[in-house]
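Please read the structure below before turning to the comments.
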Amino acid sequence: MIIFLLITAITALSVFAIERGEKRREQAVTAETAQVIASSLDRRVNTSGSYLIAGASLISSLDAIPADLFRRFATDLRLDADYRGSAGIGWAPIVSRGEIAAFERRMSAETGTDFTIAPMPEAGTNIAVPATFFEPMVDMNRGALGYNIYSDPARREAMQEAIRTGRPTASGHIDLVQNRADSRRGFVIYMPVFEPGTRGQMIRGFVYSPFNSQDFLDSVLTREVVGRRGVRLYDGAPVAANLVASHPPEVSTGNVTRIEVQLADRPMTVEVESARGDALSLLSMITLLFGIAVASLSMLVARLLTQQAHEDQAALDFYAEQNSIRNSLTRELNHRVKNTLANVLSIVALTRRRAHSLEDFASGLDGRIRALSATHDLLTQSEWGTTPLLAVLEAELAPYANAAEAKLELDGPQVELAPNDALSFGLAIHELATNASKYGALSVEAGELSVRWTRLKDDLVEVIWQEAGGPPVPGERKRGFGTELIEKIVAHELKHPVDLDFAPGGVRCALRVPVRRPTEFRMRARQRALREDAPGT
């Protein structure tokens, strides 16, 4: 996880740096695009202004302006090739209210059409400024002839400003042709024409050039300049009400750059909207995907290595544990073999000492070893774990259980004995059963034997062997090997004294057997080693 988070953090920082660089580059390109568009619009307006100034100079030098002369002048300007964005160039003289009728008759005769000035000057206004000539003459422009442009407040304001400055001046956003459904929005640039020698005091009229706003903007836009960006042109402040022309972006992002520009003394705003929004760039996406892939792969490799390390450690721990168990089992086996051999040696020694003949020795030794073997079989079946006390009794008394002359009663709670305790207890029961079959209750038909056991404590059980109905037990009797084995060997192994009573009515033996927890005798290598060195082991 640390490796994954580290690589992810590095990737995120890389993407952040790339995105910041991309945004700065896009801002720089957008600002450059806005500057290029603003400069191109300014050049268009300056070119138009130059044509208007040239027209004003020509007209101011003539006493009269014939239609043919104005047409030739406009043709020489090559408006179709070099005047893109403009609808053309026109002439609008100033006509006093009293001269309007005569002017209309003269223009009708000169142009061969019905020339009428409309609307007439308002009350308080003594002049009209009718659109008289316009080139190139197309259907839409022809409908504008005779229109009193001085009657429109926006146009009038621009003409008055042009008179004041003596330079080409643009109007606000207007309808280019009044009272027409197909008229388009735009602006007009006016250049005043003064009477020669009046030093700008006597105004003669205006040379003007109308511009369709959308065509004017489109004339400077190219795919190389704009690309997928959006461009908007505002008449003044960049608000929706002042929008005069626009080129929509492929994707609207809201990331804009604005430049204010003076077009024929008219403040306008060029706005360029970047087509790149908040989405990641291609390079950032590649970096991000590559970083995530590397981080995931690194995390996966680290996870596999970690898992392999854990598995290797678990295997080492398992092998160490198995080795420890094997060593413990070996020590346990050695100890149990030594204990068993010690018991066998003790049995052999005592049997030899008490035997009167070789046959007597062999018979006694055989029975006792078989008793050890029977108990060993029980321990083997339980994998040298705990062995039920009842199972030990049943194994040792099995030869007498089906005898018709014997009555056996086994009664007590469920008790589990440790392996060594089961061996010692089984040996004691074998000696008691052997003695009873020879001299006691198991030797006669009316004999009875009961074995009952009760728990004195959680870790101690008392077993009572009681014979009845057998031959009378003599008061004076010789102490045999069985008695020695039970009272010495078994008592020592069980860590509790054995109470053996040869009562006249039948032998009674009280054995106390410890009940140990499994943890007390499993893998007790060190305890066994200490016990081997202890006296009497």
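The values are calculated or read from the model by the stated rules, or taken from the named source; none is laboratory data. Source: prediction; values computed, not measured. Cβ sites come from the backbone with ideal geometry, for glycine too, and all protein chains shown count toward neighbours.
Among the candidates Ser108, Ser50, the residue that is without any contact (Cβ under 8 Å) to a residue 12 or more places away in the chain, within 24 Å of Leu176 (Cα to Cα) and exposed (fewer than 14 other Cβ atoms within 10 Å of the Cβ) is uniquely Ser50.
If I ask for residues that are surrounded by fewer than 17 Cβ atoms within 10 Å (Cβ to Cβ) and either under 60 Å from the mean Cα position of the chain (by Cα) or modelled with pLDDT under 90 (or both), which ones from the stretch 127-136 would you list? Before you say what the answer is, go through the steps one by one.
Just the residues of the stretch 127-136 that are surrounded by fewer than 17 Cβ atoms within 10 Å (Cβ to Cβ), to begin with: 127, 136.
Correct list: Pro136 only.
Within the stretch 119-137, the set of residues being small (Gly, Ala, Ser), under 27 Å from Arg72 (Cα atoms) and either in contact (Cβ under 8 Å) with a residue 40 or more places away in the chain or out of contact with any Pro (no Cβ under 8 Å at 6 or more places or on another chain) (or both) comprises just one member, Ala131. Looking only at residues in the stretch 145-161 that are farther than 16 Å from Val95 by Cβ and of a type outside the set (Asp, Glu), the one that is surrounded by the most Cβ atoms within 10 Å (Cβ to Cβ) is Ala158.
Please verify whether Ala374 is assigned to a helix (DSSP H, G or I), modelled with pLDDT of 65 or more and either of a type in the set (Lys, Arg) or surrounded by fewer than 12 Cβ atoms within 10 Å (Cβ to Cβ) (or both), treating the condition exactly as stated. So Ala374 fails the test.
Scan Ser324, Ser328 and give me the residue that is among the hydroxyl-bearing types (Ser, Thr, Tyr), surrounded by 11 or more Cβ atoms within 10 Å (Cβ to Cβ) and at pLDDT 75 or above.
Values: Ser328 fails: at pLDDT 75 or above.
Exactly one of Ser324, Ser328 is among the hydroxyl-bearing types (Ser, Thr, Tyr), surrounded by 11 or more Cβ atoms within 10 Å (Cβ to Cβ) and at pLDDT 75 or above, namely Ser324.
When the stretch 224-259 is filtered for residues that are closer than 14 Å to Ala38 by Cα, hydroxyl-bearing (Ser, Thr, Tyr) and free of Cβ contacts under 8 Å to residues at least 40 places away in the same chain, the ones remaining, listed by number, are Tyr234, Ser246. A count restricted to the stretch 206-236 and to residues that are assigned to a loop (DSSP other than H, G, I, E, B) and within 30 Å of Ala92 (Cβ to Cβ) stands at 4.
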